[in-house]
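Below: the structure, in structure tokens.
The values are calculated or read from the model by the stated rules, or taken from the named source; none is laboratory data. Nothing here was measured: the structure is a model prediction, and the numbers come from that model. Ideal geometry is used to build each Cβ from the backbone, glycine not excepted, and the neighbour counts take in all protein chains shown. In case anyone asks, the SASA skips ligands and DNA or RNA and just uses the protein heavy atoms, side chains included. Shrake-Rupley method; radii C 1.70, N 1.55, O 1.52, S 1.80 Å.
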Amino acid sequence: MIYSQKITLKNGKEAWLRNAEASDGSAVFETFNQTHAETDYLLSYPDENSYDPEQEAAFLDKKSKSPNEIEIIALVDGQIAGMAGIESLGAKHKVQHRAELGISILKEYWGLGLGKALTAACIQCARDAGYAQLELNVVAENERAVSLYRSLGFEEFGRNPRGFNSRTTGYQELIYMLLEL
């Protein structure tokens, strides 16, 4: 999939949202590790990153060539400020209509509209790819993210009271959300 859009953030800076490519591998690897160190609301910790920069580049190359999956990066002043993507739940007939959304943003860019723009871009890409449903999991105490997803049409369809086990706070409740496309 191919995606490219320029937006203006709430601080007046321009952000370029585009699909990530193999050449972005090292920068995406570094940004992934930084975003996962800055919040306890993401799936993993930096020391659990299963990719190195070369593997990240190969992953991004595969995504850039995919007709139904994408990894989008947001560049501000030439640096990655955030990233988001959609991934198919599988090729089997019973789940091929579903995709999952993942997103992470550097803390210095929180509250500037980047999360909304990246999420909206993923929604559009999921529609373009022909998915009927886009899904995500969000930590219940991450009220800003829950509010953002609801504002874009996502609805809660369940909860897991022990969805994550944080190293610092213990169990975290996950909200399962979906958007019918």
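For segment 134-152, name all the residues that are polar (S, T, N, Q) and open to solvent by 40 Å² or more (accessible area, probe 1.4 Å).
Answer for segment 134-152, where residues must be polar (S, T, N, Q) and open to solvent by 40 Å² or more (accessible area, probe 1.4 Å): 137, 147, 151.
Scan segment 37-60 residue by residue and report those that are open to solvent by less than 70 Å² (accessible area, probe 1.4 Å) and within 13 Å of residue 21 (Cα to Cα).
If the condition is that a residue be open to solvent by less than 70 Å² (accessible area, probe 1.4 Å) and within 13 Å of residue 21 (Cα to Cα), then 53, 56, 57, 58, 59, 60 are the ones that fit.
Pairs under 7 Å by beta carbon, first residue under 20 Å from residue 137 (Cα atoms) and hydroxyl-bearing (Ser, Thr, Tyr) in segment 70-88, partner buried (at least 24 other Cβ atoms within 10 Å of the Cβ) and modelled with pLDDT of 95 or more, six or more apart or different chains?
88/99
Suppose we keep only residues that are farther than 13 Å from residue 126 by Cα and open to solvent by 70 Å² or more (accessible area, probe 1.4 Å) within segment 69-103. Which one would you say is nearest to the chain's Cα centre (by Cα)?
79
Taking segment 128-143 as the region of interest, how many residues are in a loop (DSSP other than H, G, I, E, B) and not hydrophobic (A, V, I, L, M, F, W, C)?
Residues in segment 128-143 being in a loop (DSSP other than H, G, I, E, B) and not hydrophobic (A, V, I, L, M, F, W, C): 4 in total.
Go through the residues of segment 61-68 one by one and say whether even a single one is surrounded by fewer than 14 Cβ atoms within 10 Å (Cβ to Cβ) and either acidic (Asp, Glu) or touching a residue at least 40 places away in the same chain (Cβ under 8 Å) (or both).
Yes, that holds for at least one residue.
Applying the selection to segment 76-119, what residues are over 16 Å from residue 37 (Cβ atoms), small (Gly, Ala, Ser) and touching a strand residue (DSSP E or B) at 6+ places or on another chain (Cβ under 7 Å)?
84, 85, 88, 99, 102, 115, 117
Of all residues in segment 1-33 being part of a strand (DSSP E or B) and either open to solvent by 60 Å² or more (accessible area, probe 1.4 Å) or hydroxyl-bearing (Ser, Thr, Tyr) (or both), which is nearest to residue 112 (Cα to Cα)?
8
Restricting segment 153-181 to residues that are closer than 30 Å to residue 128 by Cα and either touching a His at 6+ places or on another chain (Cβ under 8 Å) or part of a loop (DSSP other than H, G, I, E, B) (or both), which is most open to solvent (accessible area, probe 1.4 Å)?
So the first thing to find is which residues in segment 153-181 are closer than 30 Å to residue 128 by Cα, and the list is 153-159, 174-181.
Cutting the leftovers down to either touching a His at 6+ places or on another chain (Cβ under 8 Å) or part of a loop (DSSP other than H, G, I, E, B) (or both) gives us 153-154, 181.
Details: 153: 33, 154: 6, 181: 58 Å².
Top of the filtered list is 181.
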